[in-house]
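The values are calculated or read from the model by the stated rules, or taken from the named source; none is laboratory data. Note that the coordinates shown come from a computational prediction; the quantities given were computed from them, not determined experimentally. When we count neighbours, we look across all protein chains shown, and the Cβ atoms used for this are built from the backbone with ideal geometry, even at glycine. What goes into the accessible areas is simple: the full protein's heavy atoms, side chains included, and nothing from ligands, DNA or RNA. Shrake-Rupley method; radii C 1.70, N 1.55, O 1.52, S 1.80 Å.
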Amino acid sequence: MRLNPDCLRDVLLIVESASAFDKIVTATDFEQSSLFEKYSLETWLYHIRQAKQAGLLDDTKFTLDGLFLIKDLTPEGHEFLSNIREEHNWSKTKQIAAKIGSFSVNTISTIATNVVTSSIDRYLSH
């Protein structure tokens with residue numbers, strides 16, 4: 001399966017909104033999200049696994065019946081999501097990734113960080 005950056009972002013948005021100090025994020029939280037219908041269960045599971053492997057999700061477990069438990073976002077996951085949460089930053093990040101032809105998690109993260117840094121520089125120079 002090919003990585004879908006929008007799905008990866010949606011995974012992080014759902015985990016952030018559903019997690020709490022004393023609450024584990026489950027498949028039910030995804031099913032209750034307005035974003036759930038955008039992708040198949042297989043697509044959700046793939047992108048959750050990719051987010052886990054990229055170090056964006058903390059303490060994630062999968063069960064044999066296609067369910068999962070996610071403790072929270074990692075600090076890296078929070079930073080990555082913070083850089084791509086705002087639609088303008090996300091759109092610019094995807095445009096640059098498309099121009100260079102790479103949508104890996106590391107590439108998207110690097111681009112997003114640079115997009116935010118560039119915005120900060122422009123803001124401070126005024």
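Leu73 passes every criterion in (1) farther than 24 Å from Ala112 by Cα; (2) touching a Leu at 6+ places or on another chain (Cβ under 8 Å) apart from (1). Val25 satisfies every condition listed in (1) within 24 Å of Ala112 (Cα to Cα); (2) surrounded by 19 or more Cβ atoms within 10 Å (Cβ to Cβ) except (1). Within segment 113-126, residues that are open to solvent by less than 60 Å² (accessible area, probe 1.4 Å) have Cβ atoms under 6 Å from residues that are part of a helix (DSSP H, G or I) and modelled with pLDDT of 85 or more in these pairs: Thr113/Asn83; Val115/Asn89; Val115/Lys92; Val115/Thr93; Val116/Asn83, counting only partners at least 6 apart in sequence or on another chain. For first residues located in segment 44-60 and closer than 16 Å to Leu81 by Cα and free of Cβ contacts under 8 Å to residues at least 60 places away in the same chain, partners that are open to solvent by 30 Å² or more (accessible area, probe 1.4 Å) and assigned to a loop (DSSP other than H, G, I, E, B) and lie 6+ apart or on another chain with Cβ distances below 7 Å form the pairs His47/Asn4; Gln50/Leu3.
Candidates Ala51, Ala98: the one that is under 14 Å from Asn4 (Cα atoms) and surrounded by fewer than 16 Cβ atoms within 10 Å (Cβ to Cβ) is Ala98.
Consider segment 1-28 and keep the residues that are in a helix (DSSP H, G or I) and modelled with pLDDT under 95. The one that is farthest from Lys94 (Cα to Cα) is Thr28.
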